[in-house]
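Trainee: Can you read through this structure? Questions will come right after.
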Amino acid sequence: MRARITKIVLFLAWLGVCGNVRAHVGSPTVFFQGLAGNYPIRVTIEPPGVVPGLAQIHVVVESGEAKTVTVRPVRWDVGVKGSPSPDTATLVPGETNLFTAQLWLMASGAYSVFVEVSGPRGDGTAIVPLNSIATQRLMMTKGLAILFAVVGSFIVVLLISVVGAAIREGRLEPGQEISPLRRRRGWYGRALAATLLSAALCLGKYWWDSVDKDYRFRRLYTPQSIQTELKPNAAGNPELELSFVPRSRLDSTPLIPDHGRLMHLFLIRDPDGGVFAHLHPNRHPQEGKDATLFTTRLPELPAGHYKLYADITHESGLTQTLTNDLTIPASPSGLAANQSLAETDDAVSLAQPTVESHINFHEGFRLGRGFPDTFEANQETRLVFHLTTVSGAEAVLEPYLGMYGHLIIENSDGTVFNHLHPLGSVSMVSQRQFAEREKAGFLANKPLDQYCTSASTELSFPYAFPKPGIYRLWLQTKTAGKILTGGFQVSIK
Amino acid sequence: MSSQTDVLPGQFATPVQSRVVKAVGLPWYCYAVALAVACVPIGALWDISWHLSIGRDSFWNPAHVMIYTGGTIPGFVCGWLVLKNTFWPDLLESAATVRVWGFRGPIGAWLVIWGAFMMLFSAPFDNWWHNAYGLDVQIISPPHTILALGTYATAIGALLLVLSWQNRAAADNRVAANILVLFACGVLVSQVTVFITEKSYPNAQHGEEFYGVCCRMLPLYLIIAARVSQIKWAATWVSLMYMLVRMALIWILPLFPAHPKLAPIYNPITHMAPPPFPLLLVVPAFGIDLIMQTLGRQRGFWRDTGLAVLLGVTFFTLLLAVQWPFSNFMLSEASRNAFFAGNAMWGYPDRLGDWCTQFWESDKQLGLRSSMVAIAGGAVVSRIALWFGNWLSEVKR
C-alpha cells in the first residue's frame with residue numbers, strides 16, 4: 001500500500017503540482033495523522049498548483065474496517081453550512097484501506113477538508129486544514145508548444161485561404177469563370193486577412209502576457225518577506241526587530257498564537273546549517289494588538305549569514321512562513337552579547353547536522369533516527385526518532401510548546417522549509433479554529449493525544465521530501481526539563 | 001444567356017442553367033448546419049447556469065456537449081460536403097463552390113470547418129489554461145475567445161451556406177432558405193448577447209459601458225439580417241427569436257433542482273439559476289427595420305454611410321428608451337416572479353446583498369459624452385454591417 005501511495009505522490013509530482021510554497025516553503029503537500037472518531041487515519045492532500053484547482057486527497061484508515069470515507073471542502077468564512085455535500089472517496093482497486101478523492105478549491109485562503117469515516121466503529125470526523133494558494137507557474141512543454149504552433153498556423157493559413165477564395169469566387173454565378181481581376185482581388189484579400197490576423201495575434205499575445213503578468217504579480221503566492229533590523233535594546237543588548245506588511249488580499253484576519261506563540265522564528269546558518277535557533281519574538285510592546293512589529297532579544301550566535309523563517313498563523317486558519325536572510329556580525333553593532341535566551345522555550349543548537357544514525361547529547365541522552373540517510377524524492381515515509389538515555393534506558397518525554405516533538409526540515413539551498421509535528425504538517429491551531437467555528441471543538445486533536453506522543457519514546461513524523469537535494473532535519477524535544485535539539489542530514493535523490 | 005423566364009423552379013440563373021437540371025429544394029445539410037449551430041448559444045446559457053448553480057463540471061457535462069455539438073456536427077457535415085464536392089462532384093452543386101487548397105466547397109462550409117477547428121483547438125488550450133492560471137478565473141480569456149470566435153465562424157458559415165442558396169434560388173423556391181437566414185441571424189445575435197452577459201445585467205443598464213458595448217456589438221447582425229433577408233421585418237423577427245429563446249430558458253431552467261457542489265457557497269440555491277431577462281431588443285430592431293425599409297432600399301457608399309449614422313442614433317435612442325426604465329423595473333420587487341425572474345440569476349458564489357438590486361458603478365453613469373461615444377460606435381458598426389450585408393446579399397457560392 002505504501003508503494004501505491006508513493007506512486008500516487010510521484011504521479012502528482014510528475015504533474016508538476018509541487019510548486020513553491022504552502023504555509024511552509026517549497027513543500028506544499030499536507031500530511032496528517034490523527035483520529036477520525038475511533039479510526040486512526042493518515043491523510044495526504046496535494047493542494048492544486050493554481051486556484052481554482054483540484055486537490056488530490058488520499059486517506060488511509062489504519063485500523064477498523066471503514067465502510068465509507070467522505071471528504072468535504074470547508075472554507076473558513078462559510079464553514080460546513082457553506083460547503084457542498086460530502087464526496088465519497090473511492091477505494092483504490094486492490095486495496096482494503098486506501099481511499100482517494102478529488103476536491104475543487106475555488107477560492108484562495110484558509111480551507112480545511114473534513115474527512116468522515118463510517119464503519120463498525122461508528123462515525124468519526126477529522127479536520128485537516130490547508131492553505132488554498134496558487135503556487136505553481138506552469139510552463140508550456142516544448143512538445144505542446146510545437147503542437148499548438150502547428151495547429152495554430154494551420155488555422156491561420158486556412159482562414160487566409162478561405163478569405164481569398166471568398167473574395168475571388170464568392171459572388172460569381174455558379175460555373176462562371178474567374179477573371180484575372182478577381183484573381184488579383186483574391187490575393188489582395190489574402191494580404192488584408194494576413195495583416196489583420198497578424199494584428200489580432202499580436203493583440204492576443206499582449207493579452208496573454210498581461211494575464212500572465214497579473215498571475216505572477218498578484219495571484220501567485222510567493223513567500224512573504226519579513227524585514228529585519230538588529231539594534232540595541234534599552235539594556236544595550238542586541239535586539240532583533242521583525243516587521244511585515246500583511247497582504248490583505250490574501251488574509252486580513254489577525255494573528256493567533258500557535259503552541260502559545262504568535263511567531264515561531266527559526267534562524268539557520270547558511271550554507272552549512274551549523275547553527276540552529278528556534279526563538280519566539282513577541283509583539284512590540286508599544287504597538288497595538290494588530291501590529292506586525294515583533295522583537296526578540298538575540299541570543300549569542302556565531303557570526304555569519306543566516307536564513308530566517310518565521311511561522312505565523314491567522315485567525316482564519318491560514319498559515320504562512322515569512323522569510324529573509326540575516327547577517328549577524330562578529331559583534332552586533334559593537335554590543336555585548338546576550339548571555340541568556342529571551343524566552344524559556346527558546347532553543348539554540350551549535351552542532352553541525354550529522355549523517356550518523358544517532359546523536360549523543362552532553363545532557364546524557366541519545367537521539368537515534370530510524371530511517372536511512374538517503375531517500376527517493378516524493379516518497380511518502382515516516383521519519384521515526386528514538387530518544388533514550390546514553391545507557392539505553394527510555395527517556396521520559398515532556399511537552400515542549402504543547403507537543404512532544406517538533407521536526408524542522410530545510411534543504412541546503414533554502415528552497416524547502418517545513419515545521420512538522422507527529423500530527424503531520426497541519427497547524428493544530430488552524431484545526432482548532434475550524435472545529436470551534438463549527439461548535440465542534442471536540443474534533444480538534446488534543447495537544448498531547450496519542451499522535452503527539454507514544455507510550456515509548458518513539459516520535460514519528462509523516463513526510464515526503466519534495467525534491468532531490470541535501471536536507472537537514474532538526475528534532476526538538478524535551479526531557480528532564482531540558483530542550484534537546486538534534487540535527488541530522490539526509491540525501492534525497 | 002437565357003432569360004429569367006427560362007429558369008425552372010429550383011434552377012440557377014447561371015451559365016450552367018442551360019443544362020437540364022431538376023428542381024431541388026433546400027438541401028438537408030443547410031437544415032442540419034443551421035439547426036446545429038443553435039446548440040451553441042443555448043448550450044452556453046445552460047453552461048453559465050450550470051456554473052452558477054452546481055459549479056462542478058467536466059468536459060463532458062451536458063451543456064459542454066451541447067456547445068461542442070454546435071461545432072462538431074456542422075464541422076462534420078461541411079467536411080463531408082467538401083469531400084463530396086471534391087471527389088464525387090455533382091455538376092449543379094459543385095458549380096456553386098469555391099476552391100481552397102485544391103478542395104471544393106461552398107464558402108459557408110469552409111467557414112464552418114474553420115470554426116469547428118477553432119472550437120476543437122480551444123479545448124486543449126483551455127485545459128492548459130486552467131492548469132496554468134486556474135479554472136475560469138475570467139470568462140473572457142484567450143482560449144474562451146478562440147472558442148467564441150469558432151462558434152461565431154460556425155454560425156456565420158451556416159448563414160453563408162443558406163444565404164448563398166437563397167441568393168441563387170428561384171423566387172418561389174426560397175421560402176425555407178429565407179426562414180433559415182433569419183434563424184442563423186437569430187443564432188448570431190443570441191451568441192453575441194451571451195458573450196456580453198457580464199456587461200448587460202439589469203444593474204449595469206444605467207452605465208455607460210452597457211450602452212457602449214451594446215451599440216458596438218448588437219446592431220451588426222440585426223442590420224445584416226435586415227439587408228440580406230428577403231423577409232420583411234427581418235431584424236424584428238431575429239430579435240424576437242433571441243428574446244424567446246432567452247425567455248424559454250428563464251422559464252425552463254429553474255424547474256430543475258440543483259445543489260452547489262463547490263465551496264464556498266454564499267447563496268445556497270436549490271434550482272438551476274436562470275439567465276437575466278433578455279434585452280428588449282425588439283424595439284431598436286423594429287426601428288432598424290423601419291429605417292431599412294424606408295431609406296435603405298438603395299445602396300451606395302455615401303448613402304450607406306449616412307444610413308449608418310442614422311441607424312447608430314436610432315439604435316442607441318431606442319435601446320436607451322426601453323432599457324433605462326425596464327432596468328428600473330427589473331431591479332424592483334415587481335419583477336420577482338417566474339415570468340421575469342428578477343433578482344434570481346445569482347449563483348452560489350454570490351454573496352447576496354443590496355448590491356443585487358442596485359445600479360452598479362454610479363460614477364460611470366451614462367452621460368452626454370459617453371452617449372456620443374456609444375452612438376459613434378454604433379454608427380461605425382452599422383456601416384460595417386451595411387458593407388458586409390451588401391457583400392453577403394450577392395454571395396452565390
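The values are calculated or read from the model by the stated rules, or taken from the named source; none is laboratory data. The model shown is predicted, which means the values in this text are computed figures rather than measured ones. Methodologically, a virtual Cβ is constructed for each residue, glycine included, from the backbone with ideal geometry; neighbour enumeration extends over all protein chains shown.
Trainee: Only one residue in A:165, A:194 is out of contact with any strand residue (DSSP E or B) (no Cβ under 9 Å at 6 or more places or on another chain), part of a helix (DSSP H, G or I) and either surrounded by 16 or more Cβ atoms within 10 Å (Cβ to Cβ) or among the acidic types (Asp, Glu) (or both), so which one is that?
Mentor: Working: A:165 fails: out of contact with any strand residue (DSSP E or B) (no Cβ under 9 Å at 6 or more places or on another chain).
Every option except A:194 fails the conditions.
Trainee: Restricted to region A:104-160, and to residues that are among the hydroxyl-bearing types (Ser, Thr, Tyr) and under 17 Å from the mean Cα position of the chain (by Cα), which residue is nearest to residue A:190 (Cα to Cα)? Before the answer, list the steps.
Mentor: Residues of region A:104-160 that are among the hydroxyl-bearing types (Ser, Thr, Tyr), as a first pass: A:108, A:111-112, A:118, A:125, A:132, A:135, A:141, A:153.
With the extra rule that they be under 17 Å from the mean Cα position of the chain (by Cα), the set shrinks to A:108, A:111-112, A:132, A:135.
Details: A:108: 47, A:111: 54, A:112: 56, A:132: 49, A:135: 44 Å.
Out of the qualifying residues, it is A:135.
Trainee: Continuing with this model, one more query. Look through A:90, A:96 and report the one residue that is at pLDDT 95 or above and either more than 23 Å from the chain's Cα centre (by Cα) or closer than 28 Å to residue B:258 by Cα (or both).
Mentor: Selected residue: A:90, the only one of A:90, A:96 that is at pLDDT 95 or above and either more than 23 Å from the chain's Cα centre (by Cα) or closer than 28 Å to residue B:258 by Cα (or both).
Trainee: Now a separate question. All but one of (1) assigned to a helix (DSSP H, G or I); (2) more than 14 Å from every other protein chain (Cβ to nearest Cβ); (3) over 22 Å from residue B:281 (Cα atoms); (4) not hydroxyl-bearing (Ser, Thr, Tyr) hold for residue B:391; state the number of the condition that does not hold.
Mentor: (2)
So that you can scan it fast, the table gives a plain yes or no per residue for (1) buried (at least 24 other Cβ atoms within 10 Å of the Cβ); (2) under 23 Å from residue B:169 (Cβ atoms):
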residue: B:189; (1), (2): yes, no
residue: B:196; (1), (2): no, no
residue: B:204; (1), (2): no, no
residue: B:207; (1), (2): no, no
residue: B:211; (1), (2): yes, no
residue: B:215; (1), (2): yes, no
residue: B:225; (1), (2): yes, yes
residue: B:232; (1), (2): no, yes
residue: B:244; (1), (2): no, no
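Trainee: Next question, about the same structure. Do the conditions hold for residue B:128, that is, is it in a helix (DSSP H, G or I) and free of Cβ contacts under 8 Å to residues at least 24 places away in the same chain?
Mentor: Criteria met by residue B:128.
Trainee: Run down A:163, A:156, A:78, A:151 and say which single residue is at the interface with another protein chain (Cβ under 8 Å from one of its Cβ atoms) and in contact with a helix residue (DSSP H, G or I) (Cβ under 6 Å, 6 or more places away or on another chain).
Mentor: Exactly one of A:163, A:156, A:78, A:151 is at the interface with another protein chain (Cβ under 8 Å from one of its Cβ atoms) and in contact with a helix residue (DSSP H, G or I) (Cβ under 6 Å, 6 or more places away or on another chain), namely A:151.
Trainee: Of all residues in region B:328-352 being assigned to a loop (DSSP other than H, G, I, E, B) and of a type in the set (S, T, N, Q), which is nearest to residue B:201 (Cα to Cα)?
Mentor: Looking only at region B:328-352, we keep the residues that are assigned to a loop (DSSP other than H, G, I, E, B), and these are B:331-332, B:336-352.
Next, from what is left, pick out any that are of a type in the set (S, T, N, Q): B:332, B:337, B:343.
Numbers: B:332: 14, B:337: 17, B:343: 10 Å.
Among them, the one singled out is B:343.
Trainee: Could you please give the count of residues in region B:326-342 that are surrounded by 16 or more Cβ atoms within 10 Å (Cβ to Cβ) and either in contact with a Phe, Trp or Tyr (Cβ under 8 Å, 6 or more places away or on another chain) or within 20 Å of residue B:257 (Cβ to Cβ) (or both)? Let's see the steps before the verdict.
Mentor: Keep residues of region B:326-342 that are surrounded by 16 or more Cβ atoms within 10 Å (Cβ to Cβ), which gives B:326-327, B:330-331, B:335, B:340-342.
Checking the rest, the ones that are also either in contact with a Phe, Trp or Tyr (Cβ under 8 Å, 6 or more places away or on another chain) or within 20 Å of residue B:257 (Cβ to Cβ) (or both) come to B:327, B:330-331, B:335, B:340-342.
Looking only at that region, the number is 7.
Trainee: Oh, and also: Can you name the number of the only condition in (1) touching a residue at least 60 places away in the same chain (Cβ under 8 Å); (2) surrounded by fewer than 24 Cβ atoms within 10 Å (Cβ to Cβ); (3) in a helix (DSSP H, G or I); (4) within 10 Å of chain A (Cβ to nearest Cβ) that residue B:123 fails?
Mentor: Looking at each condition in turn, residue B:123 falls short on (4).
Trainee: Restricting to region B:224-265, give me the number of residues that are within 14 Å of chain A (Cβ to nearest Cβ), in contact with an Asp or Glu (Cβ under 7 Å, 6 or more places away or on another chain) and of a type in the set (Gly, Ala, Ser). Walk me through it before giving the result.
Mentor: Step one: list which residues in region B:224-265 are within 14 Å of chain A (Cβ to nearest Cβ), which gives B:228, B:257-265.
So of that shortlist, the ones also in contact with an Asp or Glu (Cβ under 7 Å, 6 or more places away or on another chain) come out as B:264.
So of that shortlist, the ones also of a type in the set (Gly, Ala, Ser) come out as none.
Result for region B:224-265: 0.
Trainee: Is there a residue in region B:97-110 that is among the hydroxyl-bearing types (Ser, Thr, Tyr), more than 23 Å from residue B:46 (Cβ to Cβ) and either surrounded by 21 or more Cβ atoms within 10 Å (Cβ to Cβ) or more than 9 Å from chain A (Cβ to nearest Cβ) (or both)? Can you show your working first?
Mentor: Just the residues of region B:97-110 that are among the hydroxyl-bearing types (Ser, Thr, Tyr), to begin with: B:97.
With the extra rule that they be more than 23 Å from residue B:46 (Cβ to Cβ), the set shrinks to B:97.
Now narrow it down to the ones that are either surrounded by 21 or more Cβ atoms within 10 Å (Cβ to Cβ) or more than 9 Å from chain A (Cβ to nearest Cβ) (or both): B:97.
Within region B:97-110, one or more residues are among the hydroxyl-bearing types (Ser, Thr, Tyr), more than 23 Å from residue B:46 (Cβ to Cβ) and either surrounded by 21 or more Cβ atoms within 10 Å (Cβ to Cβ) or more than 9 Å from chain A (Cβ to nearest Cβ) (or both).
Trainee: Please state which one of A:230, A:220 is touching a residue at least 12 places away in the same chain (Cβ under 8 Å), more than 21 Å from residue A:283 (Cα to Cα) and among the aliphatic types (A, V, I, L, M).
Mentor: A:220
Trainee: Could I ask something else about it? Return a yes/no flag: does region A:228-236 have any residue that is modelled with pLDDT under 90 and closer than 27 Å to residue A:134 by Cα.
Mentor: no
Trainee: Which of (1) among the aliphatic types (A, V, I, L, M); (2) in a helix (DSSP H, G or I); (3) within 7 Å of chain A (Cβ to nearest Cβ) is the odd one out, the single condition residue B:113 does not satisfy?
Mentor: Condition (3) is where residue B:113 drops out.
Trainee: Shifting gears a bit: State all residues of region A:166-201 that are over 56 Å from the mean Cα position of the chain (by Cα), more than 11 Å from chain B (Cβ to nearest Cβ) and not charged (D, E, K, R); if no residue qualifies, say none.
Mentor: Of everything in region A:166-201, those that are over 56 Å from the mean Cα position of the chain (by Cα), more than 11 Å from chain B (Cβ to nearest Cβ) and not charged (D, E, K, R) turn out to be A:179, A:180, A:181, A:187, A:188.
Trainee: Taking the condition polar (S, T, N, Q) and surrounded by fewer than 19 Cβ atoms within 10 Å (Cβ to Cβ), does residue B:94 pass?
Mentor: yes
Trainee: Now a separate question. Specify the residue that is nearest to the other protein chains (Cβ to nearest Cβ); the eligible residues are those in region A:57-75 that are buried (at least 16 other Cβ atoms within 10 Å of the Cβ) and among the basic types (Lys, Arg).
Mentor: Start the filter on region A:57-75 by keeping residues that are buried (at least 16 other Cβ atoms within 10 Å of the Cβ), which leaves A:57-61, A:64, A:66, A:69-75.
Cutting the leftovers down to among the basic types (Lys, Arg) gives us A:72, A:75.
Details: A:72: 8, A:75: 4 Å.
Looking at residues that are buried (at least 16 other Cβ atoms within 10 Å of the Cβ) and among the basic types (Lys, Arg), I get A:75.
Every residue, every condition in (1) closer than 30 Å to residue B:296 by Cβ; (2) buried (at least 17 other Cβ atoms within 10 Å of the Cβ); (3) under 25 Å from the mean Cα position of the chain (by Cα); (4) assigned by TED's automatic domain parsing to the domain that holds residue B:160, yes or no:
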{"site": "B:350", "(1), (2), (3), (4)": "no, no, no, no"}
{"site": "B:354", "(1), (2), (3), (4)": "no, no, no, no"}
{"site": "B:361", "(1), (2), (3), (4)": "no, no, no, no"}
{"site": "B:375", "(1), (2), (3), (4)": "yes, yes, yes, no"}
{"site": "B:379", "(1), (2), (3), (4)": "yes, yes, yes, no"}
{"site": "B:385", "(1), (2), (3), (4)": "yes, yes, yes, no"}
{"site": "B:394", "(1), (2), (3), (4)": "yes, no, yes, no"}
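Trainee: Filter region B:281-306 down to the residues that are assigned to a loop (DSSP other than H, G, I, E, B) and within 17 Å of residue B:378 (Cα to Cα) and list them by number.
Mentor: If the condition is that a residue be assigned to a loop (DSSP other than H, G, I, E, B) and within 17 Å of residue B:378 (Cα to Cα), then B:281, B:296 are the ones that fit.
Trainee: Run residue B:135 past the list (1) buried (at least 19 other Cβ atoms within 10 Å of the Cβ); (2) in a helix (DSSP H, G or I); (3) at the interface with chain A (Cβ under 7 Å from one of its Cβ atoms) and report the number of the one that doesn't hold.
Mentor: Result: residue B:135 fails condition (2) only.
Trainee: Still on this structure, please answer the following. Residues to consider are A:99, A:114; find the one that is closer than 24 Å to residue A:425 by Cα and more than 13 Å from chain B (Cβ to nearest Cβ).
Mentor: Residue meeting the stated conditions: A:99.
Trainee: So, of the residues in region B:79-107 that are of a type outside the set (A, V, I, L, M), touching a strand residue (DSSP E or B) at 6+ places or on another chain (Cβ under 7 Å) and part of a helix (DSSP H, G or I), which turns out to be modelled with the lowest pLDDT?
Mentor: Filtering region B:79-107 for residues that are of a type outside the set (A, V, I, L, M), touching a strand residue (DSSP E or B) at 6+ places or on another chain (Cβ under 7 Å) and part of a helix (DSSP H, G or I), the one modelled with the lowest pLDDT comes out as B:94.
Trainee: Would you please name the residue that is nearest to residue B:78 (Cα to Cα), looking only at residues in region B:160-172 that are within 13 Å of another protein chain (Cβ to nearest Cβ) and either part of a loop (DSSP other than H, G, I, E, B) or of a type outside the set (D, E, K, R) (or both)?
Mentor: Within region B:160-172, the match that is nearest to residue B:78 (Cα to Cα) is B:161.
Trainee: Ok, one more. Would you check if there is a residue in region B:233-247 being of a type in the set (Phe, Trp, Tyr), assigned by TED's automatic domain parsing to the domain that holds residue B:366 and assigned to a helix (DSSP H, G or I)?
Mentor: Keep residues of region B:233-247 that are of a type in the set (Phe, Trp, Tyr), which gives B:233, B:237, B:242.
Remaining after also requiring assigned by TED's automatic domain parsing to the domain that holds residue B:366: B:233, B:237, B:242.
Okay, now just the ones that are also assigned to a helix (DSSP H, G or I), so B:237, B:242.
Yes; the residues of region B:233-247 include at least one that is of a type in the set (Phe, Trp, Tyr), assigned by TED's automatic domain parsing to the domain that holds residue B:366 and assigned to a helix (DSSP H, G or I).
Trainee: A further question on this structure: Residues B:250, B:231: which one is in contact (Cβ under 8 Å) with a residue 24 or more places away in the chain, closer than 24 Å to residue B:196 by Cα and within 19 Å of the chain's Cα centre (by Cα)? Even if it seems obvious, please write down each step before you answer.
Mentor: Values: B:231 fails: closer than 24 Å to residue B:196 by Cα.
Just a single option satisfies the conditions, and that option is B:250.
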